[in-house]
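One structure, as structure tokens, below. Some questions next.
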Amino acid sequence: MRILLVSDLHYTLPQLDWVVRAAPGFDLVVLAGDSLDISSIVPLEAQSVVILRYLSLLKAATSVVIASGNHDLTGPDARGEQCALWLGAARAGGVPSDGDSWSAGDTLVTVCPWWDGPLGRAAVQSQLEADAARRPARWLWVYHWPPLGSPTCWTGKRDYGDADLGGWIARYAPDIVLTGHVHEPPFKPTGSWADRIGSTWVFNAGRQIGPIPAHIEIDLAGGAATWRSMLGHEQLHLSAARAPARTLF
């Protein structure tokens, strides 16, 4: 299985066009949050309509899942906490999104939402608990924010990570967590696009300008992951005990 990870596209349409063109070369495309952009002059409601169209194009080319990020929230859910309401239309169109799972063969992908309060956090906990009970050979999570203390959340000045994710990784030990949110880590010498936490790999492709997004290609059968960006590319073996030293600096 070949997986393409992108995140933090922030309504950059040329980058979305590239993802659509690249999609047929992968078995699964993962959009790990912040597909919308709250700073755009285009209203979020209009942005969501466009992103849903891109999702339909991706679904026609391959399998795709999408998780919400903090920029994707458009209103309160039934619990009164903010959520990406528009992703309900993605689910209705056959694209797994917040709270859903996707599986193929011996691989299960759990798609976690950006949670906005204690009830949302509890829902994510329940989601992980339920999928842990049916865990196959490979278990991947899509979770927008990298864990606190990981080089995948290093901005160059401070750690900017999720305080809860590390605990969930320690408890459930997924094989891979696909993240985003913090744009800088892969572009900093002491940051990284990859981190090994116990038996779990954490990946964050970061964000770059231009028509091609920074992205990570994961080849599960080949046992390799490759980060590609304007700086160049780096690769690691999934069987490695830790992420290799950076080579681009």
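The values are calculated or read from the model by the stated rules, or taken from the named source; none is laboratory data. Computed from a predicted model, the values in this text were never measured in an experiment. All accessible areas refer to the heavy atoms of the entire protein, side chains included, with ligands and DNA or RNA removed. Shrake-Rupley method; radii C 1.70, N 1.55, O 1.52, S 1.80 Å.
Check SER7: other-chain or 5+ apart residues with amide H under 5 Å from its amide H, H built from backbone geometry?
ALA32
Also: Relative contact order for the stretch 122-205: what is it in percent, counting Cα pairs under 8 Å that are at least 6 residues apart? Walk me through the intermediate numbers first.
Working: 162 pairs, mean separation 26.0, N = 84.
Rounded, it is 31 percent for the stretch 122-205.
Here's another thing I want to ask about it. With just the Cα atoms defining each centre, how far is the stretch 1-72 from the stretch 78-140? Give it in Å.
If we compute the Cα centre of each part, the gap is 17 Å.
What number comes out for accessible area per residue over the stretch 70-188 if the probe is 1.4 Å? Units Å², please. All intermediate terms of the calculation are to be shown ahead of the outcome.
Values: 4820 Å² over 119 residues.
I get 40 Å² per residue for the stretch 70-188.
Please list, in order along the stretch 196-211, the HN-Hα scalar couplings obtained from phi with the Karplus expression 6.51 cos²θ - 1.76 cosθ + 1.60 (θ = phi - 60°), rounded to whole Hz, x for Gly and Pro.
Listing the rounded values in order: 9, 10, x, 9, 9, 8, 10, 10, 9, 6, x, 10, 9, 7, x, x Hz.
Another one. What is the extension gain from ALA221 to ARG79, computed as 0.36 nm multiplied by their sequence separation minus the C-alpha to C-alpha distance, in nm to one decimal? The partial results should precede the final answer.
Working: separation 142, 0.36 × 142 = 51.12 nm, distance 4.06 nm.
Gain on stretching ALA221 to ARG79: 47.1 nm.
From Cα pairs below 8 angstrom and at least 6 apart in sequence, can you work out the relative contact order of the chain, rounded to a whole percent? Show your work: numbers first, answer last.
On the way: 573 pairs, mean separation 43.8, N = 249.
It rounds to 18 percent for the chain.
Here's something else I'd like to know. Taking 8 Å as the Cα distance limit and 6 or more residues as the minimum spacing, I'd like the relative contact order of the stretch 19-66 as a percentage. Intermediate values should be presented prior to the final figure.
Details: 39 pairs, mean separation 28.8, N = 48.
60 percent.
State the percentage of accessible surface on the chain attributable to carbon and sulfur atoms; use a 1.4 Å probe and exclude ligands, DNA and RNA. Before the final figure, lay out each step's value.
Numbers: 5710 of 10160 Å².
Here it works out to 56 percent.
Same structure again: Quick one: accessible area per residue over the stretch 1-41, 1.4 Å probe, rounded to a whole number of Å²? Mind showing how you got there, number by number?
Numbers: 1380 Å² over 41 residues.
I get 34 Å² per residue for the stretch 1-41.
Once you have the Cα-Cα distance between THR62 and ALA245, take 0.36 nm times their residue separation minus that, and quote the gain in nm to one decimal.
Values: separation 183, 0.36 × 183 = 65.88 nm, distance 3.31 nm.
Net length gain for the segment: 62.6 nm.
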